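The values are calculated or read from the model by the stated rules, or taken from the named source; none is laboratory data. Everything numeric in this text was worked out from a predicted model, so none of it was measured. Glycine gets a Cβ as well: all are built from the backbone with ideal geometry, and neighbour counts include every protein chain shown. With ligands, DNA and RNA removed, areas are computed over all heavy atoms of the protein, side chains included. Shrake-Rupley method; radii C 1.70, N 1.55, O 1.52, S 1.80 Å.
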Amino acid sequence: MAAVRSVRPGVIAGIVALSLATLTTYGPHLRAPLVFDDNSTVLSNPSIESLWPLVSFRGIDSPLSPSPELPTSARPIANLSFAIDMARQGTDPAGYRFTNLIIHIAVGLTLWRVIEGTLTRYRPQWLTPDAARLLSFAAALAWTLHPANSECVMYVTQRTESLMALSMLATLACALHYWEAEGAMRRFWLAAVGLVAVLGMLSKEVMFVAPLVVALFERTFVAPGGVIPRRNMPLYMVLAIASMTVPLLYLAGYRSTHSGDVGIPPVVWWMTQAKVLFFYIGLAVWPWPLALHYQMPYLRDITIAWPWVGMAALLVITASWLALRRAPAGFLLMASLCTLAPTSLVPLSDEVAAERRLYLPLAAAIAGITVAPFTRGIHPARWRDGRSIAIFATSVAVALALARLSHIRAGAYASPVSIWADNVANQPDNYLARYNLSRCLIDEGRLDEAKRHLRRAATSAPTESRNSEIYSRASFNLGLLHQKDGEHTEAIQSFRRVIEMTPDSSPAHYNLARSLEDAGETSAATAAYAAALDHDPDHYWAHTNLALLHFERNEIDAALSHLLEAYRISADFHACSNLAALHAGAGRIDEALVMAREALRAADDTSDLATVDSLKMFLAKHARRAHRTTNQTAPPPVSEVTREGGRY
């Protein structure tokens, strides 16, 4: 009992210290607005609006069966956690980030437990329990406060990564108990491994590599002579069954928004990821500057990529050789490569690299750096706890420096503008960052600044098919801003660039027509409106504005045809009042009176008052006349309706 009492205060002190350090680092920034995919995950996610029913088999959104193509689509456990947050505090960002923070702390504490359990039970066996506790705590603290992990706290959607990491480490922690337990307790820990693994698979697909990571761990640290005994085979059967969760979700149609055919040849992706691998290594060692989105050029030619491919191959060969020799460094390298493998092998849209992918590999790297001086072949056997205390003190000092950087990084999330402005400052040629910054600036009414970033995004975005969407969006929004400022020539050029990339874009044809009309090129505008209707026959405003052009040229039948189509699409005030004016101008008083009455019934607070008064006067003028009488008074005017410009 004395031994237990001597351990417990240190453990409690460590839990408190790690928790307080993390809360102090991130706490002041938890109320920052949601960013980027958070809008889809939280604000536009119907599956988290209610906690019940948890699962729906009738196509109804529910926490454990989220809508396809959401960021949480193949990650129902993460989606359920968002539903719980929604039930607790609605859409308040602080509540979601506080949950992220608690999960992050839990991952750090679990990492501490796994490292300490490995050091005290397996290697190096000579290390005293106190020294092992100090070293493992120092590693966990440095990892928890590392700036590269800030994304998994501040970027709410990336809770999927931290939940997966928690499950991976908890699986290892339960396996540690399983390997030592007997009888009923052994069966208990086997069930715990299966449960935790399934939860991880339902949090993020990367958990699929858990069986391999556990097998590498057992072979390196646990199995005598590196041969896994048959009595431990049930563990891998359970993990294999749990891993089937991922392909079953994909077969059911649930998959990440970044997965699927993204238009990048696999070989190009693999060559590029060889370079990204060393970018991650650099980020782990020197985590600054950081970015919400990293833009990197694709390595399409082996003559350019071969140095990175060669170094990556050498790293894999070295890691495999060390793993075969059961060296701890071999396990750490192979575990890191395994967790990076899914995103390194499968092309993903618009995300060549991401800080969150370093979340688990960084744990292996920091654990290795902290414990390296005590591994076999490096340490002198006479080293005592004094050396471990020195390393502990150094690690804590480094952790505090990392905490300061993490605090600064978290501050960049103060607003959508600030996080994207920070991204642009660190990567001036990042067209996606500039595009997103421009949208945030538009939301704040800073249109001149938005125009500058859109112009840069539209000229720097590659025009290959994969990037045509960003290129088109940037050019489209730039055209809208030029249109708003009366810069017709520039607007026309922007919309024509969009049409070159996406010729079937009805909004681009429509807004090109608007700009041409504003520039006085009515013939070209007529053709552009017609093109918009070719791609979207139910475009209400294209029918309406094209009818106005025909009306101005006294082409009554053509104008009537398009106004009737607009009326069919939406029998609102504008459609009815325009039809009334057209019928009246053509002498069809009966039809004009019917449309005038319908227009007044459809009128609301947004309706043009002058048009409403004209309709009333028209009805009053003909109140006691036979419908056959030809109208001798001026008809109600064709409404100059507000023409839709599309969304920025």
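For the reader, a short list of remarks on this structure follows.
- Spacing of the modelled spin labels on residue 604 and residue 460, each 7 Å from Cα toward Cβ, amounts to 4.2 nm.
- The calculated FRET efficiency for the pair residue 281 and residue 87, based on their C-beta separation and a Förster distance of 45 Å, comes to about 0.60.
- Rounded to the nearest 20 debye, dipole of the chain from Cβ charges on Lys, Arg, Asp, Glu: 3300
- Expressed as a fraction of 2.2 N^0.38 Å, the value expected for a compact globular protein of N residues, the C-alpha radius of gyration of region 113-245 is 1.11.
- For the chain, the fraction of 1.4 Å probe accessible surface lying on carbon and sulfur atoms is 62 percent.
- Angle between the chain longest axis and helix 359-371 axis [Cα atoms, degrees, rounded to 10]: 20
- If the chain linking residue 304 and residue 233 were pulled fully straight, counting 0.36 nm for each residue of separation and taking away their Cα-Cα distance, it would gain 21.1 nm.
- Residue-level accessible surface for residue 614, protein heavy atoms, 1.4 Å, Å²: 40
- Under the Debye formula (equal points on every Cα, no solvent term), log10 I(q)/I(0) of region 482-574 at q = 0.16, 0.19, 0.23 Å⁻¹: -0.62, -0.84, -1.12
- Each eigenvalue of the Cα gyration tensor of the chain, multiplied by 5 and square-rooted, gives one semi-axis; in descending order these are 63, 26, 22 Å.
- Angle between the chain longest axis and helix 416-426 axis [Cα atoms, degrees, rounded to 10]: 70
- Applying the criteria of a DSSP loop state and at most 16 other Cβ atoms within 10 Å to the trypsin sites (Lys or Arg not before Pro) of region 407-449 yields 446.
- Between residue 39 and residue 621, the simple label model (points 7 Å from Cα in the Cβ direction) yields a spacing of 4.7 nm.
- Top positive-direction residue, dipole computed over the chain with Cβ charges, set 322, 612, 94: 322
- Across region 234-242, rounded Karplus estimates of 3J(HN,Hα) from the backbone phi angles (6.51 cos²θ - 1.76 cosθ + 1.60, θ = phi - 60°) give x, 4, 7, 5, 5, 5, 5, 5, 4 Hz, Gly and Pro being marked x.
- Amide H partners (placed H, <5 Å) of residue 65, local residues excluded: 56
- Computed FRET value (nearest 0.05) for residue 590 with residue 350, which takes r as the C-beta separation and R₀ as 35 Å: 0.05
- Sparse-neighbourhood loop sites, trypsin sites (Lys or Arg not before Pro) in region 549-627 - DSSP loop, at most 13 other Cβ within 10 angstrom: 553, 624, 625
- Solvent-accessible area per residue for the chain (1.4 angstrom probe, square angstrom): 44
- ³J(HN,Hα) computed for each position of region 72-81 - Karplus, 6.51 cos²θ - 1.76 cosθ + 1.60, integer Hz, glycine/proline x: 9, 4, 9, 9, x, 5, 4, 5, 4, 5
- When the P(r) is computed for region 214-339, the part past 20 Å accounts for 63% of the Cα-Cα pairs.
- Note on region 278-338: Cα-Cα pairs beyond 15 Å make up 63% of the total pair count.
- The listed residues 304, 408, 470, once ranked by accessible area (1.4 Å probe) with the largest placed first, stand as 304, 408, 470.
- Cα-based helix-to-principal-axis angle, 328-345 vs the chain, degrees rounded to 10: 10
- Eligible lysines near residue 275 by straight Cα distance, threshold 27 Å, same-chain separation 8 or greater: 204
- Among 175, 529, 51 - extreme Cα towards positive end, dipole of the chain, charges at beta-carbon: 175
- Here's the picture: charge each Lys and Arg Cβ at +1 and each Asp and Glu Cβ at -1 in the chain, and of 83, 491, 104 the one pushed furthest to the positive end of that dipole is 104.
- Label point at residue 426 placed 7 Å out along Cα→Cβ; residues across region 129-150 whose backbone nitrogen lies under 12 Å: 147-150
- About the centre of its Cα atoms, region 17-168 shows a dipole size close to 480 debye [charges on the beta carbon of Lys, Arg (+1) and Asp, Glu (-1) only; nearest 20 debye].
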